[in-house]
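Chemist: Before anything else, here's the structure in question.
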Amino acid sequence: MGDRIRKADGSYGQVQSIEVVNEPQWMFNLTVDQAHTFFVGKEQWLVHNACSWLGGSSSNHSVGNNLVDQAEAYLRSLPRDLRRVTIGVTEINGTRYVSINGGASSDAISRLGQIVGNQPGSRLVVGNGFGSAGHAERALYDLFSSIENLHIGISRAAGPCPECEGFFSGQNFTGLFWPNN
Ligand SMILES: [Zn+2]
């Protein structure tokens, strides 16, 4: 409570109360192209469904949002039957590194490899096998853990697997971001 929330006209309101309603409800997944923010309700409150994150102290999510958007776009660029994969994205010194989990099918890996290979300045990183390092986010982290301000976005709407979540929350790490639709 007390949080300030911006409205469409640029003014701010303040959260006066929070009501938790425990009942079944129809829920809809909402994805907003480009920005992950939109206005809701009669008062036009600005809300955000972009991404969750863990680690680090940065509260600036624009970098993370952008990486999540990219990871989701790569996922959507795969044929539907090849989308049961996790894609990770980070950008370092102007190069975009795109990772895919090592357990992905060889079809998915080669298709993503073509897409990434056609983009100058982008490189594919394939997670190594089925172990921890085979997860898309771990593959990038293991390569770039020495980089300051490392941000990684992943396409997995459920967020990192419990193993990765435990791993990342134990690191001095800037941010792992995932969609929060
Ligand atoms: Zn994982």
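Chemist: Within the set of pairs 6+ apart or on separate chains, which have a first residue in segment 154-181 that is surrounded by 14 or more Cβ atoms within 10 Å (Cβ to Cβ), a second that is among the basic types (Lys, Arg), and C-beta atoms under 8 Å apart?
Modeler: Cys164/Arg138; Phe167/Arg138; Trp178/Arg156; Pro179/Arg156
Chemist: Can you give me the number of residues within segment 66-122 that are farther than 20 Å from Ala157 by Cα and among the hydroxyl-bearing types (Ser, Thr, Tyr)? Reasoning before the result, please.
Modeler: Within segment 66-122, the subset farther than 20 Å from Ala157 by Cα is 91-96, 106-107, 110-111, 113-122.
Filter once more, so that each one left must be among the hydroxyl-bearing types (Ser, Thr, Tyr): 95, 106, 110, 122.
Looking only at that region, the number is 4.
Chemist: Tell me, yes or no, whether segment 57-73 has at least one residue that is touching a helix residue (DSSP H, G or I) at 6+ places or on another chain (Cβ under 6 Å), hydrophobic (A, V, I, L, M, F, W, C) and either modelled with pLDDT of 95 or more or not assigned by TED's automatic domain parsing to the domain that holds Phe167 (or both).
Modeler: Filtering segment 57-73 down to residues touching a helix residue (DSSP H, G or I) at 6+ places or on another chain (Cβ under 6 Å) leaves none.
No, the conditions are met nowhere in segment 57-73.
Chemist: So, in segment 150-165, of the ones that are more than 12 Å from the ligand (Cβ to nearest atom) and not in a strand (DSSP E or B), which residue ends up nearest to Glu72 (Cα to Cα)? Even if it seems obvious, please write down each step before you answer.
Modeler: Taking segment 150-165 and keeping what is more than 12 Å from the ligand (Cβ to nearest atom), we get 150-151, 153, 155, 157.
Narrowing further to those that are not in a strand (DSSP E or B): 150, 155, 157.
Values: Leu150: 19, Ser155: 5, Ala157: 9 Å.
That would be Ser155.
Chemist: Test of understanding: among Ala104, Ala133, Ala139, which residue is in contact with an Asp or Glu (Cβ under 7 Å, 6 or more places away or on another chain) and either within 15 Å of the ligand (Cβ to nearest atom) or not assigned by TED's automatic domain parsing to the domain that holds Asn172 (or both)?
Modeler: Details: Ala104 fails: in contact with an Asp or Glu (Cβ under 7 Å, 6 or more places away or on another chain); Ala139 fails: in contact with an Asp or Glu (Cβ under 7 Å, 6 or more places away or on another chain).
Being in contact with an Asp or Glu (Cβ under 7 Å, 6 or more places away or on another chain) and either within 15 Å of the ligand (Cβ to nearest atom) or not assigned by TED's automatic domain parsing to the domain that holds Asn172 (or both) holds for just one of Ala104, Ala133, Ala139, which is Ala133.
Chemist: Could you list, in sequence order, the residues of segment 81-91 that are away from the ligand (no atom under 13 Å from the Cβ), outside any loop (DSSP other than H, G, I, E, B) and touching a Leu at 6+ places or on another chain (Cβ under 8 Å)?
Modeler: Of the residues in segment 81-91, the ones away from the ligand (no atom under 13 Å from the Cβ) are 81-84, 89-91.
Okay, now just the ones that are also outside any loop (DSSP other than H, G, I, E, B), so 81-82, 89-91.
Within segment 81-91, Val89, Thr90, Glu91 meet the criteria.
Chemist: Filter segment 104-147 for residues that are surrounded by fewer than 17 Cβ atoms within 10 Å (Cβ to Cβ), in contact with a helix residue (DSSP H, G or I) (Cβ under 6 Å, 6 or more places away or on another chain) and assigned to a loop (DSSP other than H, G, I, E, B) and give the result.
Modeler: Asn128 - this is the single residue of segment 104-147 that is surrounded by fewer than 17 Cβ atoms within 10 Å (Cβ to Cβ), in contact with a helix residue (DSSP H, G or I) (Cβ under 6 Å, 6 or more places away or on another chain) and assigned to a loop (DSSP other than H, G, I, E, B).
The values are calculated or read from the model by the stated rules, or taken from the named source; none is laboratory data. Only a predicted model underlies this, so the values are computations on that prediction, with no experimental measurement involved. Ideal geometry is used to build each Cβ from the backbone, glycine not excepted, and the neighbour counts take in all protein chains shown.
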